[in-house]
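The values are calculated or read from the model by the stated rules, or taken from the named source; none is laboratory data. None of these values were measured; they are calculated from a predicted model. FYI the Cβ positions are ideal-geometry reconstructions off the backbone, even for glycines, and counts take in every protein chain you see.
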Amino acid sequence: MKEKKAIRALVPLIKLYPWFIPSIISLGVLSSLAEGLGITMFIPFLQSLNQSVHQSTSTNFLIEFASGLFSFLPSGSRPLIIPLFIFGCILLKNLLACGNLTLFGWFNSRISHRLRSDTFSQLLSSSGSYLDTVDSGTLLNTLATETWRTSEALESLVKLIINGCTVVVFSILLLLISWQLTLLVGLIMVLISIIIQFLTRRVKVLGIEAVESNATLAKRMHQGVVGIRDIWAFGRERFEQERFDRASELVRSTFMKLGILSGVVNPLYEVLSAFLVLGILVVVLLQDRTALPILLTFLLMLYRLQPQVQQLGSNRVRFLSLVASVREVISFLDYSDKHYISSGWIPFQGLKHAISLESVSFRYNSQRDLALRDISIVIPQGKTTALVGPSGAGKSTLVNLICRFYEVTEGAIFADGRPLLELDLASWRSRIAIVSQHSHIFNATILENIAYGRLDAKEEEVVAAAKQAHAHEFIQPLTRGYDTCVGEQGIRLSGGQRQRIALARAIVRNPDILILDEATSSLDIISENLIQEALNALKQDRTVIIIAHRFSTIEQADEIVVLKDGCVVEQGHLRNLMQLNGLFARLYRLQHSNTKSKPL
């Protein structure tokens, strides 16, 4: 039952190549038949060495077939010809086995790549609504570890099939040689299997624990790396070390138990099977010494069968220990329980008139209140629209909806009168550039970071964008200039330098729609002025959406939208909003009074 459920979990992967399993089974059966035939030929070979044994009669079909197969040959040449035939069977068996392994290597490499690629594609195509509910450590563990363990599960399944083919073929041959001995051996093998299953019954539970402990350790590693400066700042090195050690110790103990249980199978099978073989040899020979050729052939086949049964049990244990990983990956790849941003079919050629939101409401998930309520605004083409309001008012959420990182819960967003849902997602986003307070800087060169805005940008275009963003002046003195690697999250750059790199990336993209999300809020006055100067030049003839707490950056905006608790409470020009003496006017006066009271 456990195996059926586990195999059912792997079916979606196997269906990618429906011919693979029949091919593996066919090659496995042929390989086993070749080996079994070669072993059976030991009967006439041993009989050819003892003519008195050969002349004894037998009613066994297989024995008579093997004994008569070389009867047409002179008795003197049989001891030479039969070993050559046996060698040919061994050669054929190994060629077929090699073909089987080669076929599996081809299959496994493609499945492993497909798993990693599909998992990463799932990550890229899922909406923010789904990713908000998943821990980043779990995602990393699924992508980096569980995909490998799933391919290992597939490998274990294939080995189970090959072992199973050999066991079936050899069992049939053993039955044909002596059904009495075979039933006796089978009964003892069943008893051995029951003992093994009893000893390894915790493997499945440990497999689930292994996935969970791996995910916890991945989470600890990820948070330790990305949060190292905060760990230092708060003096939490010992606290984090203890948490990491606990997670690592759990991984160690879980996989140690799995290893011990898996390691018990082989020696236990070997000891019990050796006792079985020796026992049969002694009992049968004491009863009939003339049955030596048949008995030796039976024992040789049983000897070759024993490691296959042993590997069958070992691979079964290994397979069951990996079921949890298979379910983790297959569950992540399941499209039925996740939210996706669907792409439309109409290419977006550029904004001509306006972006309009009509009765837009949004919630991040069904358990939360609405983050935006009944928003209806128009963002004109070629104008600057500012979004202001207290923290948590919904400004960034509104921008996320325009970029289609999330889908609206109610209402619709239009570009030039056409719903965004109908527009090709890639072409829509290709016309947008975002410069935010936390723009991601990749662990790559400065040239690669800027060119990320437009991958086909030439080096001279990158340099021109850097000059316009006032980044060229600090890049040029660097030892390697634009080929300088900036480290994880641009750690080797200052905050102002990172922002100028992000701005250069937006400039080289040459977008129709420029979104500035707190782009200068955390910078010193010099960096802010440099970036503000570059932004003013970049805003010309573009549709600009600004999110800012510093009202000095939005005083020249063509339209200001004031948000509070997810609703639009005011809208208009700066002068009109000041005359209303509402929320914007209070925030504006409060900020200016605080600025004037601060010493220079």
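Remarks
- Subset of region 539-558 [under 23 Å from SER356 (Cα atoms) and modelled with pLDDT under 75]: LYS539, GLN540
- Within region 153-167, no residue that is on the phi < 0 side of the Ramachandran plot sits with its Cβ atom under 7 Å from a residue that is among the small types (Gly, Ala, Ser) and surrounded by fewer than 22 Cβ atoms within 10 Å (Cβ to Cβ) at 6+ positions apart or across chains.
- Residue count for region 79-127, restricted to those that are part of a helix (DSSP H, G or I), closer than 29 Å to LEU140 by Cβ and not aliphatic (A, V, I, L, M): 18
- Residue satisfying condition, being part of a helix (DSSP H, G or I), within 25 Å of the chain's Cα centre (by Cα), of a type outside the set (A, V, I, L, M) and at pLDDT below 75, within set GLY224, GLY207, GLY259, GLY263: GLY207
- Residue among GLU528, GLU518, GLU570 that alone is at pLDDT 85 or above, surrounded by 18 or more Cβ atoms within 10 Å (Cβ to Cβ) and of a type in the set (D, E, K, R): GLU570
- Against the criterion of being at pLDDT 80 or above, surrounded by 19 or more Cβ atoms within 10 Å (Cβ to Cβ) and within 20 Å of the chain's Cα centre (by Cα), THR216 qualifies.
- Where a residue in region 79-99 is without any contact (Cβ under 8 Å) to a residue 40 or more places away in the chain and outside the structural domain of MET41 (by TED's automatic domain parsing) and its partner, wherever it lies, is hydrophobic (A, V, I, L, M, F, W, C) and in a helix (DSSP H, G or I), with Cβ under 8 Å and at least six apart: none
- Of THR166, THR133, THR150, THR138, all but one fail to be over 30 Å from VAL211 (Cα atoms) and of a type outside the set (A, V, I, L, M); the exception is THR166.
- Just one of the listed residues (LYS467, LYS458) is without any contact (Cβ under 8 Å) to a residue 24 or more places away in the chain, surrounded by 15 or more Cβ atoms within 10 Å (Cβ to Cβ) and either closer than 22 Å to HIS222 by Cα or not polar (S, T, N, Q) (or both), namely LYS467.
- Every residue from region 160-177 that is over 41 Å from the mean Cα position of the chain (by Cα) and buried (at least 21 other Cβ atoms within 10 Å of the Cβ): LEU173, LEU174, ILE177
- Taken across region 482-505, residues that are aromatic (Phe, Trp, Tyr), surrounded by fewer than 20 Cβ atoms within 10 Å (Cβ to Cβ) and either assigned to a helix (DSSP H, G or I) or more than 35 Å from the chain's Cα centre (by Cα) (or both) do not occur at all.
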